[in-house]
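The values are calculated or read from the model by the stated rules, or taken from the named source; none is laboratory data. Note that this is a predicted model, so its numbers are computed, not measured. We place every Cβ from the backbone using ideal geometry, glycine too, and count neighbours over all the protein chains shown.
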Amino acid sequence: MTISRARNERLRLALQQTGLTYDQLAADVRHIAAEAGETLRTNRSAVAHWVAGRPPSPETAAYIAEALSRRLARHLTPADLGWQVPGHGNGSDARLGLGIGPDPVDIVRRIGEADINRRKILTGAAYSVAAAALPLGLVQAAEAQERATGAKGRMVGEGDIDAVRSMLKAFTAIDERQGGLHGRSAVVQYLRSDVADLTRARFPKESVRGDALTAAAAFAFLAGWKAYDAGEHGLAQRYYLQSLGLTREADNPLHEAWVLRIMAHNGMDIARPEHTLDLADAALSLATGRAEPGMLSMFVVCRARALAVAGRGAESVAEVRRAQDLAIRGEDDVLPYWLTLSGSPRAAVASHAAKVFRALKDHPNAAKQYASAGRSYGAAAQGGLSRITALSLASLGKEQAAQGHLEQACGTWDQALTHFTGVYSDRAVKQVGSIRRQLTVFGRRGVGAASLLDERARSWQLAHA
C-alpha cells in the first residue's frame, strides 16, 4: 500500500527563494553536517524526497534549516520548514541556547544536561551564522534584576567565589595540558550544579553578586571552549552566548569583550566569517579605555585577523604591529584571573599574528610568529600548555613546508608530536591527520625523515583514537 504525503510547500518555497538547485542544497547540507562532525551522503534525490513530503531525521532537519538560513540571511528553524520533531518540543530543544534570554543560568543547566547525556540534537548541532550576529547591540533583559531581588538560599561571600575561581583554574590547567576531551563531563556537571546554585544565592552586596556571575560566565566560557576543542561548534556557540548573557548581567564590560572576542575567533576558525569583523570591532570598542595594554593587545590582534579574513591586508598588518607593541608594553600588567589561565598576551598575539600572515599567504612571517608562539607557550607553566604548544608547532611545520623546507618541517612536527602525547582533542586529531597526509607526499619526494615520522604519527592516532 502506498502512503501519500503532502508536498512540503514551506521547504519548496524557501528553496525557491534561495535559487538553489537540489544538488546545491544537498552540497550545503553535507558541508554543514561536516562542520558538526557528521558525514552525510545527502544528494539531490534526498532533497526531492523532502520536498515531496518525506521528513528528514531531526539532526538533518537542523542542518537543512541552517543551510537555508545562511542563504536567505534570516534565521529559520525546522518548524519553519514544516517539521515538528517528536520529543523535542516542536524544535525548541534544537534552538536551546541560540539566544540570550532573561535567565542564562537556566539555559546553561539545560544545555549542560544535554551535553552530559550526549543528546545529539545539541552535541551534533550546526554552528548558526544567524545566531553569531545576536550579541551585536543586544540589550540584557530586565528580568535579571527582578530575579536577583527575589533570590533565596544561603548567603555567600567572596570566599565562596574564590573557591569557584580555584576550580576554574584547576580545570583550565588540565584542559590546556591534556585537551578539551579530558574531564569534560566534570566541568559541565560542576557548572550546572555548584556554579549555577551559587548564582541563585543571596549576596551581601551587588558587587559580590557581579563577581559570582562573572565566575559563572567564565565557567560557561570554559565549557564552550571544551566543546569547541571537541569539534562541536554548534554546542560551543550556545555556551558562549550564555556566557555573554551572564557577564552582561554581571555588568562586566571587559569580560563581555572577552566573550565577543572568542566568538569572533570561533567563526574564523571554522570558516564562517560573516559577522566576525563586527564581533571583533564590538569587543575592541568595549575594551578600549578599560583594558591595560597587554589585555588590549589581544583584542587588537583579533581585529587584525578579522581584517585579514575580510581581504583588508594592509589594515590587518598595521593592527598586528599595534598589537605587538601593546603586548610588549603590557608585559608587567596585572590581568584578570579569567584571562591569565591560558598563557600570556604576548604568546596569544604571536599565535594570532601567525594566522593573519597565513591568511595573507605570507609564509615566512607566519612561520616566524608560530615559532615565537611555540616558544612562549612551551615555556609557560613548565610545559603545562601542551595542547597550544603542539598546535603552534604543527602549524609552524606547515609554514616551513610551504616554503620548501621539508626536512625542517619534519623536525618541527616531531617536536609537535612530543607535546601532543596525552592530549585528547579534536583539533589535535585533525592536525596529526593533516601532518600524515603531507608526510605521504614528502615520502614520494624522498624525504628521509618522513617514513619514521609517519609511523610515529600513526602510533599517536592509535593511542588517541
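Quick one: how many residues across segment 144-172 are exposed (fewer than 14 other Cβ atoms within 10 Å of the Cβ), at pLDDT 85 or above and either polar (S, T, N, Q) or outside any helix (DSSP H, G or I) (or both)?
2
Name the one entry in 232, 249 that is at pLDDT below 95 and either within 20 Å of residue 337 (Cα to Cα) or aliphatic (A, V, I, L, M) (or both).
Result of the check over 232, 249: 249.
Taking residue 251, is it outside any helix (DSSP H, G or I) and either free of Cβ contacts under 8 Å to residues at least 12 places away in the same chain or farther than 17 Å from residue 125 by Cβ (or both)?
yes
Looking at (1) surrounded by fewer than 21 Cβ atoms within 10 Å (Cβ to Cβ); (2) of a type outside the set (A, V, I, L, M); (3) within 30 Å of residue 330 (Cα to Cα), find the lone condition where residue 206 falls short.
Exception for residue 206: condition (3).
Give me the residue from segment 331-359 that is among the polar types (S, T, N, Q) and more than 19 Å from residue 402 (Cα to Cα) and, out of that set, surrounded by the most Cβ atoms within 10 Å (Cβ to Cβ).
344
Could you list all residues from segment 101-127 that are in contact with a Leu (Cβ under 8 Å, 6 or more places away or on another chain) and among the charged types (D, E, K, R)?
Scanning segment 101-127 gives 110, 115.
Considering only segment 447-465, state which residues are outside any helix (DSSP H, G or I) and within 13 Å of residue 433 (Cβ to Cβ).
464, 465
Of all residues in segment 75-103 being surrounded by fewer than 17 Cβ atoms within 10 Å (Cβ to Cβ) and over 21 Å from residue 242 (Cα atoms), which is modelled with the highest pLDDT?
Step by step, filter segment 75-103, then rank; the result is 80.
Can you pull out the residues in segment 29-46 that are modelled with pLDDT of 90 or more, touching a Ser or Thr at 6+ places or on another chain (Cβ under 9 Å) and either part of a helix (DSSP H, G or I) or not assigned by TED's automatic domain parsing to the domain that holds residue 84 (or both)?
Once the filter is applied, which keeps residues that are modelled with pLDDT of 90 or more, touching a Ser or Thr at 6+ places or on another chain (Cβ under 9 Å) and either part of a helix (DSSP H, G or I) or not assigned by TED's automatic domain parsing to the domain that holds residue 84 (or both), segment 29-46 yields 29, 30, 44, 46.
Residue pairs, Cβ under 9 Å, 6 or more apart or interchain, first in segment 323-337 and under 13 Å from residue 300 (Cα atoms), second of a type in the set (Phe, Trp, Tyr) and buried (at least 17 other Cβ atoms within 10 Å of the Cβ). List them.
If the second residue must be of a type in the set (Phe, Trp, Tyr) and buried (at least 17 other Cβ atoms within 10 Å of the Cβ), the pairs left are 323/299.
Residue check: is residue 131 in contact with a Leu (Cβ under 6 Å, 6 or more places away or on another chain), modelled with pLDDT of 80 or more and among the small types (Gly, Ala, Ser)?
Considered against the rule, which asks whether it is in contact with a Leu (Cβ under 6 Å, 6 or more places away or on another chain), modelled with pLDDT of 80 or more and among the small types (Gly, Ala, Ser), residue 131 comes out as yes.
Yes or no: residue 289 assigned to a loop (DSSP other than H, G, I, E, B), surrounded by fewer than 21 Cβ atoms within 10 Å (Cβ to Cβ), at positive phi and not assigned by TED's automatic domain parsing to the domain that holds residue 178?
When the stated conditions are applied, residue 289 passes them.
Which residues, taken from segment 185-217, are part of a helix (DSSP H, G or I) and either in contact with a strand residue (DSSP E or B) (Cβ under 7 Å, 6 or more places away or on another chain) or polar (S, T, N, Q) (or both)?
If the condition is that a residue be part of a helix (DSSP H, G or I) and either in contact with a strand residue (DSSP E or B) (Cβ under 7 Å, 6 or more places away or on another chain) or polar (S, T, N, Q) (or both), then 185, 189, 193, 199, 207, 214 are the ones that fit.
Here are some conditions: (1) within 23 Å of residue 183 (Cβ to Cβ); (2) of a type outside the set (A, V, I, L, M, F, W, C); (3) without any contact (Cβ under 8 Å) to a residue 24 or more places away in the chain. Residue 404 meets all but one. Which one does it not meet?
The number of the failed condition is (1).
Kindly provide the set of residues from segment 218-235 that are touching a residue at least 60 places away in the same chain (Cβ under 8 Å) and assigned to a helix (DSSP H, G or I), ordered by number.
Within segment 218-235, 218, 220, 221, 223, 227, 229, 233, 234, 235 qualify.
Report every pair of residues separated by at least 6 positions or lying on different chains whose Cβ atoms are under 7 Å apart, first residue within segment 42-58 and closer than 18 Å to residue 80 by Cα, second surrounded by fewer than 14 Cβ atoms within 10 Å (Cβ to Cβ).
Pairs found: 51/7; 52/5; 52/7; 53/5; 53/6; 53/7; 54/5.
Output yes when any residue across segment 47-58 is in contact with a Leu (Cβ under 9 Å, 6 or more places away or on another chain) and of a type in the set (Val, Ile, Thr), and no when none is.
Looking through segment 47-58, at least one residue is in contact with a Leu (Cβ under 9 Å, 6 or more places away or on another chain) and of a type in the set (Val, Ile, Thr).
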